[in-house]
Amino acid sequence: MAAPSFMFSTLLLLQLLFALLPHHRTLISAADGNWQLLIDFGPSNLSLPNGKCRNDSTDTALQVDCTAHSVDAIMPDGNLFQTGGFNDSERRVRVFSPCRMCDWNEIPNGLAVKRWYASNHILPDGRQIIVGSQGQFNYEFIPKNIVANKINLPFLSETNEKGIENNLYPFVFLNIDGNLFIFANNRAILFDYVNNIAVKKYPMILGGEPRSYPRTGSAVLLPLKNLKDSAIEAEVLVCGGAPKRSYLQSLKGIFMAALDTCARIKITDLNLEWVIETMPLARVMGDMILLPNGNVLLINSAGSGTAGWEQSRDPVLSPVLYRPDNNIRSRFKVQNPTTIPRIYHSTAALLRDRRVLVGGSNPHEFYNFTGIPFPTELSLEAFSPAYLDTKFDNLRSTIIAPKSMSGIRYRKKYTIQVAINSNK
């Protein structure tokens, strides 16, 4: 998963559009999921429409840019927000309102400080909190609600390793009590962002190996199960990463094996303890997707090295299914492999038809397509989990009404009718 650097991570609207095109080629089909190559952009960058280009004489990297790159978060009102980036984009906020003739609106100083390798999370009141960044041990909100919008977060200073960091792209999840679970490096806090107080400190993961960029692991908040109980439980799963020495070793061309463990914790418990599980395949820079049936898909990644330019090897081609409700010794199941390596700057997203859209991969400082083991990858694939097999058609619901989704609007209530034909 890659990250936002995320040169290819979203292009979200375009990816969704292409994902809805007819399948072009089935690569593998079996009981453990199948792959389709959706579209291959060929040996060129993704050009902006109608010959449009971005002209910026102050940009020290590329003054005229006619291609698309972005990382987006969807706000409750349907607008797309992209924050921060590299170089002259570090304080910029870009907003896109989806409509036929709309375009991006760029706010040059929309952020209080420079944000590169930060994490965004939607809050219950509709704002976003932006946590961390390279050299920034603080957080802020958009839209801004106070003049002094940069607020210190000592936890980020405590988890920072000088010269290596290991706490970028912190994992951020909203807990059931309204506080934020923030994980960086190898440990976490429960954070009251309203009062700027860490209300709980979680123990270090056993072994102390880092799980944050550039030793990039991945994480999910597992589905909440006991919603009717008086004390709802919430669990976080953190998987993969790389050993402590791996970053410096990768700069020397030595690629250490990625971590093969996951750590799981009930963040609502009084007795806090990480439970360690062993994955069938080691992963660094993987993506984790919550599937509609409550399982977790671990996809993409490298088997050795770390995130960064030319700093990883051994692409992991097979996804792994994690079934959180199974016995601890039977939770992982290896799925059918792809043929396309997806390492640094790769991404995955769940589509509304329940497939998983997979794209990206660029371990090079610039676009590089030829004469190298892992070229810049501009293709898109879809992975169909086993629940989409035809043998489950009789269990699949069909939306009867409304007949069209075109009239659906934000902040409106709708009645949706579904049918299940169990006689198929």
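With respect to the conditions (1) open to solvent by 10 Å² or more (accessible area, probe 1.4 Å); (2) in a loop (DSSP other than H, G, I, E, B); (3) closer than 27 Å to residue 285 by Cβ, residue 157 falls short on a single one, namely (2). The residues in segment 262-292 that are basic (Lys, Arg) and buried (at least 21 other Cβ atoms within 10 Å of the Cβ) can be counted, and the count is 1.
Looking at segment 364-378, can you tell me whether even one residue there is farther than 30 Å from residue 315 by Cα and either open to solvent by 40 Å² or more (accessible area, probe 1.4 Å) or among the aromatic types (Phe, Trp, Tyr) (or both)? No.
Could you say whether any residue in segment 222-232 is surrounded by fewer than 19 Cβ atoms within 10 Å (Cβ to Cβ), over 23 Å from residue 158 (Cβ atoms) and β-branched (Val, Ile, Thr)? Scanning segment 222-232 turns up at least one residue that is surrounded by fewer than 19 Cβ atoms within 10 Å (Cβ to Cβ), over 23 Å from residue 158 (Cβ atoms) and β-branched (Val, Ile, Thr). Selection of segment 400-417 for residues being open to solvent by 90 Å² or more (accessible area, probe 1.4 Å) and among the β-branched types (Val, Ile, Thr) yields 415, 416. For segment 397-412, a residue qualifies if it is assigned to a loop (DSSP other than H, G, I, E, B) and at pLDDT below 85, and the qualifying residues are 403, 404, 405, 406, 407, 408, 409, 410, 411, 412.
Selection over segment 159-200 of residues that are touching a strand residue (DSSP E or B) at 6+ places or on another chain (Cβ under 6 Å) and closer than 20 Å to residue 85 by Cα gives a count of 6. Taking segment 226-245 as the range and being touching a strand residue (DSSP E or B) at 6+ places or on another chain (Cβ under 9 Å) and on the phi < 0 side of the Ramachandran plot as the test, the residues that pass are 233, 234, 235, 236, 237, 238, 239, 242, 243, 244. Remark: pairs (first residue in segment 133-152, under 14 Å from residue 91 (Cα atoms) and of a type in the set (Phe, Trp, Tyr); second residue open to solvent by 10 Å² or more (accessible area, probe 1.4 Å) and at pLDDT 90 or above; Cβ separation under 7 Å; 6+ apart in sequence or on different chains) = 139/151; 141/127. Scoring residue 394 on the criteria (1) assigned to a strand (DSSP E or B); (2) farther than 25 Å from residue 242 by Cα leaves a single failure, condition (1). Scanning segment 56-77 for residues that are modelled with pLDDT of 65 or more and open to solvent by less than 70 Å² (accessible area, probe 1.4 Å) returns 56, 59, 65, 66, 67, 73, 75, 76. Does any residue of segment 238-245 turn out to be modelled with pLDDT under 95 and either open to solvent by 50 Å² or more (accessible area, probe 1.4 Å) or hydroxyl-bearing (Ser, Thr, Tyr) (or both)? Checking segment 238-245: at least one residue is modelled with pLDDT under 95 and either open to solvent by 50 Å² or more (accessible area, probe 1.4 Å) or hydroxyl-bearing (Ser, Thr, Tyr) (or both). Can you spot a residue in segment 144-152 that is over 21 Å from the mean Cα position of the chain (by Cα), charged (D, E, K, R) and either open to solvent by 10 Å² or more (accessible area, probe 1.4 Å) or within 20 Å of residue 274 (Cα to Cα) (or both)? Yes: segment 144-152 contains one or more residues that are over 21 Å from the mean Cα position of the chain (by Cα), charged (D, E, K, R) and either open to solvent by 10 Å² or more (accessible area, probe 1.4 Å) or within 20 Å of residue 274 (Cα to Cα) (or both). Of all residues assigned to segment 93-115, at least one qualifies as being basic (Lys, Arg), surrounded by 20 or more Cβ atoms within 10 Å (Cβ to Cβ) and under 20 Å from the mean Cα position of the chain (by Cα). For segment 116-140, the candidate set comprises residues that are farther than 12 Å from residue 81 by Cβ and among the charged types (D, E, K, R); within that set, the residue that is most open to solvent (accessible area, probe 1.4 Å) is 125. Could you please let me know if residue 200 is in a strand (DSSP E or B), open to solvent by 10 Å² or more (accessible area, probe 1.4 Å) and not hydrophobic (A, V, I, L, M, F, W, C)? Taking the combined requirement at face value, the residue satisfies it. The single residue among 186, 175, 179 that is modelled with pLDDT of 95 or more and buried (at least 24 other Cβ atoms within 10 Å of the Cβ) turns out to be 186. Suppose the filter is touching a Gly at 6+ places or on another chain (Cβ under 6 Å), open to solvent by less than 10 Å² (accessible area, probe 1.4 Å) and hydrophobic (A, V, I, L, M, F, W, C); does residue 316 pass it? When the stated conditions are applied, residue 316 does not pass them.
The values are calculated or read from the model by the stated rules, or taken from the named source; none is laboratory data. Predicted, not measured: the structure shown is a model, and the values here were computed from it. Quick reminder, even Gly has a Cβ in these numbers, built from the backbone with ideal geometry, and neighbours come from all protein chains shown. Protein only, heavy atoms only, side chains kept; ligands, DNA and RNA dropped before computing areas. Shrake-Rupley method; radii C 1.70, N 1.55, O 1.52, S 1.80 Å.
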